[in-house]
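Readers should treat all values here as calculations from the given coordinates under stated rules, not as data from a laboratory. This one's a predicted model, so the numbers in the text were calculated from it and none came from an experiment. Counting neighbours? That spans all protein chains shown, and the Cβs are built from the backbone with ideal geometry, glycine included.
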Amino acid sequence: MMKIPGHKIVVPSCSTRVSEFAMKPRAAALFSLALLVSGASVAGPAEDAVARLTELNKIVQMQNDRIAKLEAQLQNQGLLSLLNQVEALKTDVSRLRGTQEELAHRQDTADKRTKDLYADLDERLKEVASRPVAAPADAIRLQTSQSLVVTPVAPVLSTDAEAEAKAYEVAHALIKAGKYKEAIGAFQAFVGQYPAGPLAANALYWMGISQVTGNADFKGASDSYQRLLKDFPNSPKVPDALLSLARAQIQLDDKEAARITLNQLLAKHPVSKAVENGKKLLATLK
C-alpha cells in the first residue's frame, strides 16, 4: 500500500487485482451456465409435453383417417350387397314369370283337351242314349202254311231315355260352363231320378269332380266315387273313379286307404289310361 502525505490512499496490490480479474470471467461463465441449466430444466418438460401432444394429435388424425376409410368401405360394401340382392330378385322375378307363362300355357292346353274330351264324351253318350231299345223277342206270326215268319218290331226310342239324355246334357253343360256348384245340384237331381239308368255312373263321376272343383268337398266326392264303384262295378268310368277316389282320400289325410285304392286300380285295370297316373300317385305315397 502506498502512502501520500496528507492523503490516505489504499491501492490494491497487483496480486489482488489480478485475482479479481481472473475470477470475474469464471463467475460470469458459471452464472451463464447456471442460467442455461435452470432454463433447460424449466423448458424441458414444456417441450416434451408439446411434442407428446403433437404426436397424439397425429395419432388421432391417423385413427380418424382409418375410421373414415373403413366407413367408406363398409358403405360401399353395403351398396354392393344391396345391388347384388336387387339383381338376385330380378332374376327370381324373371324365372317366376317364365314359370307362370309356362303354367298358363299348360293350363290352356289342358283346358282345351278337357273340352275336347267333354265334347267327345257327350257325343258318345248321346249315341248310346239314342240307340233303340231292343225288343224282348221277335214277334212270331204263324202262317196257314205252318211256316214260321219272324216279323221284327219297329224300333221305338223310349221317352224316358230321351228325358234322361236331355237331363244329363243339361247337368254336363254346367260343368263345361264352369258352374260346378250348380252342376252338383243338377247331377244329384239326375241320380235321384235315374238311379239305375245308363248314364247314372257317369253322373256320379262328374258329380264327384264338381264337388272337388266347386266346393273342395273331398268327403262328398269320395262318397260319390264309392257309390259309383258299388252300384256300377262294370262301368267304363271305374278306373277313373278309383284314381279320383285315391286323390280325395289323400286330401282327407287317409293315405293308407289311398294306397289300397291305387293298388286296386293297378291290379284290376292294368291297361286303363288311369294306370299311368295311378303309378305316379302311388310312388308319392311310399
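Highest average first, the peptides 80-89, 175-184 ordered by how many other beta carbon atoms sit within 10 Å of their residues are 175-184, 80-89.
The residues ARG227, ARG247, when put in order of fewest to most other Cβ atoms within 10 Å, stand as ARG227, ARG247.
Below 8 Å between Cα atoms, with a sequence gap of 6+, how large is the relative contact order for segment 158-283 in percent?
It rounds to 16 percent for segment 158-283.
The distance between label points at MET62 and ARG106 comes to 6.5 nm (points 7 Å beyond Cα on the Cα→Cβ vector). The residue among GLN63, LEU80, ALA49 whose Cα reaches farthest toward the positive pole of the charge dipole of segment 49-110, with charges on the beta-carbon of Lys, Arg, Asp and Glu, is ALA49.
Projected onto their three principal axes, the Cα atoms of segment 158-283 cover extents of 46, 29, 21 Å, largest first.
For the peptides 61-69, 201-209, residues were scored by their other Cβ atoms within 10 Å and the scores averaged per peptide; the highest-first order is 201-209, 61-69.
When the listed pairs LYS230/LYS268; LYS176/LYS255; LYS219/LYS279 are checked against a 21 Å cut-off, the alpha-carbon distance exceeds it for LYS176/LYS255; LYS219/LYS279. Legend: translational diffusion of segment 49-110 by Stokes-Einstein, Rh = Kirkwood radius over C-alpha pairs, 4 °C, 1.567 mPa s; D = 80 µm²/s.
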